[in-house]
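Working notes for the structure below.
The values are calculated or read from the model by the stated rules, or taken from the named source; none is laboratory data. Values in this document were obtained by computation on a predicted structure and should not be read as measured data. Glycine gets a Cβ as well: all are built from the backbone with ideal geometry, and neighbour counts include every protein chain shown. Keep in mind that these areas ignore ligands, DNA and RNA; they rest on the heavy atoms of the full protein, side chains included. Shrake-Rupley method; radii C 1.70, N 1.55, O 1.52, S 1.80 Å.
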Amino acid sequence: MQELNGEKTVKAKKERTPMPEQPAEERRKNFNEVALGYTKEDALAEASRCLSCKEPKCVEGCPVNVDIPGFIKLVCEEDFAGAIEKIKGTNALPAICGRVCPQETQCEALCVLGKKGQPVAIGRLERFCADYERQQGVKVPEVPEPTGKKVAVVGSGPAGLTAAADLAKLGHKVTVFESLHKAGGVLSYGIPEFRLPKEIVRQEVEYIEKLGVEFKPNYIIGRIKTLDELCDEFDAVFMGTGAGLPNFMGIPGENFNGVYSANEFLTRVNLMKAYDPEYDTRVRLGRHVVVVGGGNVAMDSARSALRLGAEEVSIVYRRGEEEMPARREEIEHAKEEGITFRLLTNPVRILGDDKFNVTAVECIKMKLGEPDKSGRRSPVPVEGSEFTIPAEVVVIAIGTSPNPMIFKGSEGLDQNKKGTVVADEETGATSKCGVFAGGDVVTGAATVISAMGAGKKAAKAIDEYLKEQ
Amino acid sequence: MAYKVLNKEEIAPSVHRMVIDAPDVAKAAKAGQFIILRIDEKGERIPLTIADFDKEKGTVTVIFQEMGKTTKQLAKFSAGEFLEDVVGPLGTPSDVRKLGTVILVGGGVGVAPAYPQAKAYSKAGNKVISIIGARNKDLLILEDEMKDASSELYIATDDGSKGHHGFVTDIMKQILDSGEEVARVVIIGPPIMMKVGAGVAAPYDVEILVSLNSIMVDGTGMCGGCRVTVDGKTRFTCVDGPEFDARKVDFVQLMNRLAMYRGEETKAVEKYDEECRCGLH
C-alpha cells in the first residue's frame, strides 16, 4: 500500500488496515469509484487501533470538530448506528468528507499513533459509518419548533449545505439558492464520479431537504435578485458562493479549440456526464492530453481524461512533487493509473493548426529558487530549455477566483483585492449587516472540509444574530 | 422543478417561437439578456437569447432555428409540455439609454434578439432605424413586430424576394452615407454577418455593438468556455457580454471556436434523425 512509506519495522498493529481498491488497470477504463470502502471486519480491525486518547489531538485537527474517539469507540462496539449519529452531531456530510477530506493533513496528521507509525485511518472509518447508514436507510432527526426566522443561503456547495443543515436543525426556515440545475456546487460539477459518486451527493442533499430546507435551483443571485433584495426578504443571508471563476495563464494560444479550464472540462464530464453516450453534452477527446497544475483538480482532470480514452495524459507542474498541493493519495492514484508527471515544467505557449485546434504545448524547464510568499521555493525558468509536448486537449487547472456576479447590486459588502469577501474568521460576519460568508468566497479556493467548517461557524453566528433581533 | 411551454409555433421554415412560463426570469429580464435551457435529464444546456418577456404574465419568449440535435428536439415540443430547466436572465443587459438615432441590424434569427432592443431603445426616446434580413422572404421573421417597435424599418433578402435585393449591411451603409446622424449601430446575426457588418460600419464615426453567441455551459462565468478575444484580452461572453465593441472583437477566433463541436454535432443529428425515422422517439 502507498501509505507504508518504508515503515517495515513497525509492529503489525501500527499498520493501518488497507483500503480495498479497484485495480489500477481496470479503474483507468471506468468511472466507478476507485476506493471500495472497508468491510465490517476491516472497520473493526482499524477502529481497534485507536488509543482513545484522553485529550484527543485529532479532534483539534478537524475543522468541524467531529468527536473522533467517541465515534471510533462506538465502531469498536459494533454500534455503527450510534457511531454515525455521533459524527452527524457535528458533520452533516460524512459520506462526502470520508471520501474527499485531506485527512492526512487534518485529523490524521495529529493522531498520536502517527508519531511512531501510521495514524488511525479516521477518514476511512468515517466513510464506513456513513455508507453503513445509507445502506440501512438514513434516519432524519426531529426538527425543533420553527423560530419564525428566515435565512437565505446562496450557493449549495459544501459551505452552503453545512450552514443550511445546521440552521434548519436550529428551527430556522432556510432557502438555498443555486445557479446550476443541480445542488452540490463543486461536489456535483467538480469532483469526479470515481472519487465521489454523485448518488452520494444526491442523498446528502435529500437528507438536508428532509430537515425542511427548500432548494431553489436555476436561481441566480446577482441576476434574478440582488443580495440587497435578499436582505430585505430574509432575516439573514449566508453567502457560500465559492470561487468558481477559472484562472487562465494568459499565454499565447490559450483560446484555441481544445483548451479547457478545469471547471469546464470537469463540468462537462461530471455534471453533464459527457462520458456517457446517452447524454447529449460532449467533451473533446484527444490522444494526448496535457493538464496544467498540481492540485486535486489537476489530478481529477488528468484521471478523467485517461478514463475518456486518452493514450497519454501528462500533468505539467512548475514546481516539484513535494510542492504539489494535491493530496498524496490522489497523486499516488494518478501515478498507478499511468499519468505522466512532468515536474519543474511550465507551459509558455499553446500551438495550434490553421483551424485553431490545439496541436502541442510548448514548455520550459524550471528550477527552484528562493522561497516565495507561500513559503515554497519559487520556480525559475531555465533559459533555452524549451521543448514541446504533443496535445489535442489541454486542461488549465491553476486555480479559481470568486465570481463577481454576486456583488452586482449589493451595497456595503467589503471585498479585498483578490475579489474575495472580507469576513470575520470566527463568525463569517461581513461588513454588511445580516450577511455572513464562508468557504472559498472568503478564503479563495480551498478544501471541502474547510468550507464546511466555515459554514458551521457561520450557522452558529447567524443563530446568535437572529436571537438578538 | 419544470418549466411549462405555453405556446410553440413555427414562424418560418425550421424557425420556432416558444413562450415559456418562467416568472422569476421574466421579472428580472432586460433587453440583451439570454437564458440557458435543458430539455431533459440527459440534455445539454443551450443558451438562447430572450426575444420577448412579459413581466405580468411571467413568461419569456425564445426564437430558435433547428440546427443541432437539441434545437431539433425542442422543435417537437408543443404547448403544455415541460422543459427540465430554464435559467436566467443571463448576460449583462444592453446599455440602453437616450442616444439619438440608433440603427438595429438583425439577420436571420438574429432579428429575435434585436426585437427587445428595438422596443427598449424606442422606449428610451431614441429614433430606431431597424434593418432586418434573411436569405428569402419565407425566412424573414418578426416583420410586423419590428415595424411596431421602430421608427423606420428596412428589409433585405439575399434573393431579392422581398425588400432590398442584397444584404442588410448594404442598407446600413446607405443610411450611414446619407448624412443621418447615427449614435450607435447594433448588429445581431450570424457571426459572418456581424464580422462583415462591423467592417462596413468601422470607417464611420459611430459606436458599433455586436451580440455574440459563443458556446457555453453554465452561463455564469464558471466554465470559461465562451471566451472571446476583445481588444486583445480574453473576455467571457456570458458575464462580460454578450454585447461587445464590434471594432475590437476577434471574429476569426469566435467563428473557429463556434465550429469546435461541429463534427460531434453532425453525428448527433444523424443519430437523432435515424432514431426518429425508426420510430424510437
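Data for the structure
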| item | result |
| --- | --- |
| Residues located in region A:259-275, provided they are facing chain B (nearest Cβ under 8 Å) and surrounded by fewer than 22 Cβ atoms within 10 Å (Cβ to Cβ) | A:LYS273 |
| Residues being under 18 Å from B:VAL196 (Cβ atoms) and surrounded by fewer than 22 Cβ atoms within 10 Å (Cβ to Cβ) - total across region B:118-154 | 2 |
| Subset of region A:310-336 [touching a helix residue (DSSP H, G or I) at 6+ places or on another chain (Cβ under 6 Å), crowded, with 20+ Cβ neighbours inside 10 Å and farther than 22 Å from A:PRO246 by Cα] | A:ALA334 |
| Test: residue in region A:290-309 that is open to solvent by 10 Å² or more (accessible area, probe 1.4 Å), over 17 Å from A:PRO192 (Cβ atoms) and either basic (Lys, Arg) or modelled with pLDDT under 95 (or both) | no |
| Unmet requirement for A:ILE208, which otherwise passes all of (1) at pLDDT below 95; (2) open to solvent by 10 Å² or more (accessible area, probe 1.4 Å) | (2) |
| Matching residues in region A:415-435 - criterion: being in a loop (DSSP other than H, G, I, E, B) and in contact with a strand residue (DSSP E or B) (Cβ under 9 Å, 6 or more places away or on another chain) | A:LYS418, A:GLY419, A:THR420, A:VAL422, A:ASP424, A:THR427, A:GLY428, A:SER431, A:LYS432, A:GLY434 |
| Number of the exception - A:PRO217 against (1) buried (at least 19 other Cβ atoms within 10 Å of the Cβ); (2) at the interface with another protein chain (Cβ under 8 Å from one of its Cβ atoms) | (1) |
| Search result, residues across region A:399-427 that are more than 14 Å from every other protein chain (Cβ to nearest Cβ), within 20 Å of the chain's Cα centre (by Cα) and crowded, with 20+ Cβ neighbours inside 10 Å | A:VAL421 |
| Considering residues of region A:133-186 that are more than 17 Å from A:LYS460 (Cβ to Cβ) and of a type in the set (Lys, Arg) only, the residue surrounded by the fewest Cβ atoms within 10 Å (Cβ to Cβ) | A:LYS139 |
| Long-range neighbours under 6 Å by Cβ, at least six apart or interchain, first residue in the same structural domain as A:ALA298 (by the TED database) within region A:378-397, second open to solvent by 70 Å² or more (accessible area, probe 1.4 Å) and of a type in the set (D, E, K, R) | A:PRO379/A:ARG318; A:VAL380/A:LYS367; A:VAL382/A:LYS365; A:VAL382/A:LYS367; A:SER385/A:LYS365 |
| Residue check for A:ARG99: within 19 Å of A:ALA165 (Cα to Cα), in contact (Cβ under 8 Å) with a residue 60 or more places away in the chain and part of a helix (DSSP H, G or I) | no |
| Region A:379-390 - residue that is outside any loop (DSSP other than H, G, I, E, B) and open to solvent by 30 Å² or more (accessible area, probe 1.4 Å) and, of those, nearest to the other protein chains (Cβ to nearest Cβ) | A:PRO390 |
| Qualifying residue in region A:24-35 (condition: closer than 27 Å to A:LEU161 by Cβ, open to solvent by less than 20 Å² (accessible area, probe 1.4 Å), in contact with a helix residue (DSSP H, G or I) (Cβ under 7 Å, 6 or more places away or on another chain) and not in a loop (DSSP other than H, G, I, E, B)) | no |
| Failed condition for A:GLU233, given (1) at pLDDT 95 or above; (2) within 11 Å of chain B (Cβ to nearest Cβ); (3) surrounded by fewer than 19 Cβ atoms within 10 Å (Cβ to Cβ) | (2) |
| Lone qualifier among A:VAL393, A:VAL361 - being surrounded by 17 or more Cβ atoms within 10 Å (Cβ to Cβ) and touching a Ser or Thr at 6+ places or on another chain (Cβ under 7 Å) | A:VAL361 |
| Unmet requirement for A:ARG282, which otherwise passes all of (1) within 8 Å of chain B (Cβ to nearest Cβ); (2) under 23 Å from the mean Cα position of the chain (by Cα) | (2) |
| Criterion: in a loop (DSSP other than H, G, I, E, B) and open to solvent by 60 Å² or more (accessible area, probe 1.4 Å) - qualifying residue of A:LYS367, A:LYS355 | A:LYS355 |
| Selection status of A:LYS457, farther than 20 Å from A:ASN247 by Cα and outside any loop (DSSP other than H, G, I, E, B) | yes |
| Selection from region A:207-228 of residues that are in a helix (DSSP H, G or I) and touching a residue at least 40 places away in the same chain (Cβ under 8 Å) | A:TYR207, A:ILE208, A:LYS210, A:LEU227, A:ASP228 |
| Region A:102-125: number of residues that are in a helix (DSSP H, G or I) and either under 17 Å from A:SER450 (Cα atoms) or of a type in the set (A, V, I, L, M, F, W, C) (or both) | 11 |
| Test result for A:ILE350, touching a helix residue (DSSP H, G or I) at 6+ places or on another chain (Cβ under 9 Å) and assigned to a strand (DSSP E or B) | no |
| Qualifying residues in region B:13-24 (those that are open to solvent by 10 Å² or more (accessible area, probe 1.4 Å) and away from chain A (no Cβ under 11 Å)) - the one nearest to A:GLY409 (Cα to Cα) | B:ASP21 |
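Residues are listed down the side, and each one gets a yes or a no for (1) touching a Lys or Arg at 6+ places or on another chain (Cβ under 7 Å); (2) touching a residue at least 24 places away in the same chain (Cβ under 8 Å); (3) within 30 Å of A:ALA109 (Cα to Cα):
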{"site": "A:TYR279", "(1), (2), (3)": "yes, no, no"}
{"site": "A:GLY286", "(1), (2), (3)": "no, yes, no"}
{"site": "A:ASN296", "(1), (2), (3)": "yes, yes, yes"}
{"site": "A:ARG319", "(1), (2), (3)": "yes, yes, yes"}
{"site": "A:VAL361", "(1), (2), (3)": "no, yes, no"}
